[in-house]
């Protein structure tokens with residue numbers, strides 16, 4: 001059952017002033033002075049105060065994953081998670097079901113949602129609208145984010161990445177300047193590691209390139225870079241060169257195609273966020289409660305069932321700065337990417 005909580009407050013002030021009609025004086029007599037009646041303005045009543053967040057009159061709203069079709073299992077899991085958060089905080093917590101992530105972000109911005117899990121593009125759009133504050137990043141294999149890599153033929157460009165130490169040997173402006181005027185190969189227009197973030201980095205550092213070729217897969221980009229005919233360089237996730245089919249086809253692929261520069265792990269997995277309007281004291285309580293609930297076996301099961309989140313780590317807003325910066329620099333239409 002979708003719960004929609006709306007609060008409409010209408011204050012009607014009606015002032016009714018007396019209408020005075022002049023009375024004519026008898027002929028020949030001086031007009032008698034007319035009394036002027038002035039009504040003393042009445043002060044407007046103060047607006048009703050907003051009920052304290054977390055009370056029955058203004059509960060904390062836990063957003064379920066957006067769906068246009070109500071899922072009974074998701075609603076049941078959401079109600080269980082809300083009950084566990086209530087137990088830890090003594091706040092009133094209610095589960096709500098948004099239709100889309102666009103609707104959810106709007107609700108986070110106007111106070112109709114207070115806790116939500118967001119995927120990466122929704123994260124960027126929510127920050128663009130100043131709608132959220134970070135609470136927890138989800139993790140996969142212990143990591144909360146991942147990177148990308150710029151690939152080149154080893155006989156045509158310089159490499160600024162040490163594969164043994166697994167670290168860059170130069171900053172991005174120096175390492176990527178060699179791509180000025182060159183043609184890139186990208187994967188797909190909505191790929192964070194195969195296009196959006198690498199292209200955003202090039203734009204951020206004002207390194208112009210030719211129009212790129214979109215090859216639809218990371219392995220196709222590796223193959224095209226190795227062939228050296230379609231493009232001069234490419235971008236993929238780390239490390240797409242190790243795909244078994246590629247290594248079977250090109251046994252020396254790791255030597256022939258080298259990493260020119262590795263994009264740091266700035267691409268986030270899904271995260272858990274609070275509305276930006278949640279006061280600091282309430283935010284601190286909710287973060288503590290989320291951590292305690294996730295530490296419980298049944299809490300882990302609920303996070304996994306509802307949000308596909310298997311691990312969490314606390315983060316602040318700075319964790320997302322580079323990702324949102326490069327995504328914006330790429331020129332991506334976030335409204336089109338968030339559904």
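The values are calculated or read from the model by the stated rules, or taken from the named source; none is laboratory data. As the structure is a prediction and not an experimental result, all values here were calculated from the model. Note: ideal-geometry Cβ built from the backbone for every residue, glycine included; neighbour counts use all protein chains shown.
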Answer yes or no as to whether residue 178 is crowded, with 16+ Cβ neighbours inside 10 Å and outside any loop (DSSP other than H, G, I, E, B).
yes
Give region 241-260 a look and list any residue that's surrounded by fewer than 13 Cβ atoms within 10 Å (Cβ to Cβ) and under 19 Å from residue 156 (Cα atoms), or say none.
252, 255
Can you name the condition, by its number, that residue 292 falls short on among (1) touching a helix residue (DSSP H, G or I) at 6+ places or on another chain (Cβ under 9 Å); (2) in a helix (DSSP H, G or I); (3) crowded, with 16+ Cβ neighbours inside 10 Å; (4) in the same structural domain as residue 330 (by TED's automatic domain parsing)?
(3)
Would you kindly identify the helices (runs of 4 or more DSSP H) lying entirely within region 194-281 that contain at least 2 residues that are touching a strand residue (DSSP E or B) at 6+ places or on another chain (Cβ under 8 Å) and not assigned by TED's automatic domain parsing to the domain that holds residue 137?
197-204, 218-227
Return a yes/no flag: does region 98-111 have any residue that is buried (at least 20 other Cβ atoms within 10 Å of the Cβ), closer than 19 Å to residue 291 by Cβ and not assigned by TED's automatic domain parsing to the domain that holds residue 202.
no
Scan region 275-287 for residues that are closer than 19 Å to residue 118 by Cα and surrounded by fewer than 22 Cβ atoms within 10 Å (Cβ to Cβ) and jot them down.
276, 277, 283, 287
Consider residue 327 against the criteria (1) crowded, with 22+ Cβ neighbours inside 10 Å; (2) in a helix (DSSP H, G or I); (3) out of contact with any helix residue (DSSP H, G or I) (no Cβ under 6 Å at 6 or more places or on another chain): it satisfies all of them except one. Which criterion is unmet?
(3)
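Here are 260, 235: which of them is out of contact with any helix residue (DSSP H, G or I) (no Cβ under 6 Å at 6 or more places or on another chain) and under 25 Å from residue 143 (Cα atoms)?
Result: 260 is the single residue among 260, 235 that is out of contact with any helix residue (DSSP H, G or I) (no Cβ under 6 Å at 6 or more places or on another chain) and under 25 Å from residue 143 (Cα atoms).
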